[in-house]
Amino acid sequence: MNEMIQPKLIEIENDDGVVKTFVISKLPYSVGREVLSQFIPTSIPKVGDYPANHELMLKMMKFISVMKDDGTEQRLTTQALIDNHVEGFKQGVILERAMLEYNIGFLGRGNLSTFLEESKAMLPKLISEMLTAYRAQLSQAEKQP
């Protein structure tokens, strides 16, 4: 298992207000590159690819530990460990955001908003181009068998 790189303690409340301590880590280059290039695009509603986004989340979570009551760390290396230690959707989203911010650094500076706005502006053009290409293909008369 890969070692934690520059581990950092963070505390996140669950839905009941109970604070849980996690250890987040810098991602190795290959994982960080994959997350940077694919995480946001695969998470865009109705356009993204949820299964691909889920796999990226699982890869990213392998570089997170939860601090257990006895003071030991438990790496979140499987879906079951994630589900057992991440208490609710809100805590999970905050944890993912913390990892992205710690590794990529653009979430706190507004660049994500800029990225999403630019993507939103490009989508109609992209969809129009795709539909035009499909319409041309579908409009071609086929010979009768």
Only one of 57, 99, 67 is surrounded by 14 or more Cβ atoms within 10 Å (Cβ to Cβ), free of Cβ contacts under 8 Å to residues at least 60 places away in the same chain and closer than 20 Å to residue 9 by Cβ. Can you tell me which?
67
All positions within segment 46-55 that are at pLDDT below 85, under 13 Å from the mean Cα position of the chain (by Cα) and among the charged types (D, E, K, R)
49
Residues located in segment 20-74, provided they are small (Gly, Ala, Ser) and touching a Ser or Thr at 6+ places or on another chain (Cβ under 6 Å)
48, 52
If you take the residues in segment 17-45 that are within 20 Å of residue 69 (Cβ to Cβ) and in contact (Cβ under 8 Å) with a residue 40 or more places away in the chain, which one is nearest to the chain's Cα centre (by Cα)?
24
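So that you can scan it fast, the table gives a plain yes or no per residue for (1) modelled with pLDDT under 85; (2) of a type in the set (Ser, Thr, Tyr); (3) outside any loop (DSSP other than H, G, I, E, B):
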| position | (1), (2), (3) |
| --- | --- |
| 57 | no, no, yes |
| 69 | no, no, no |
| 81 | no, no, yes |
| 97 | no, no, yes |
| 105 | yes, no, no |
| 114 | yes, yes, yes |
| 125 | yes, no, yes |
Consider segment 8-41. How many of its residues are of a type outside the set (A, V, I, L, M, F, W, C), touching a Phe, Trp or Tyr at 6+ places or on another chain (Cβ under 9 Å) and more than 16 Å from residue 59 (Cα to Cα)?
3
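The values are calculated or read from the model by the stated rules, or taken from the named source; none is laboratory data. Just so you know, these numbers come straight off a predicted model, no measurement behind them. Cβ: placed from backbone, ideal geometry, glycine included. Neighbour counts: every protein chain shown.
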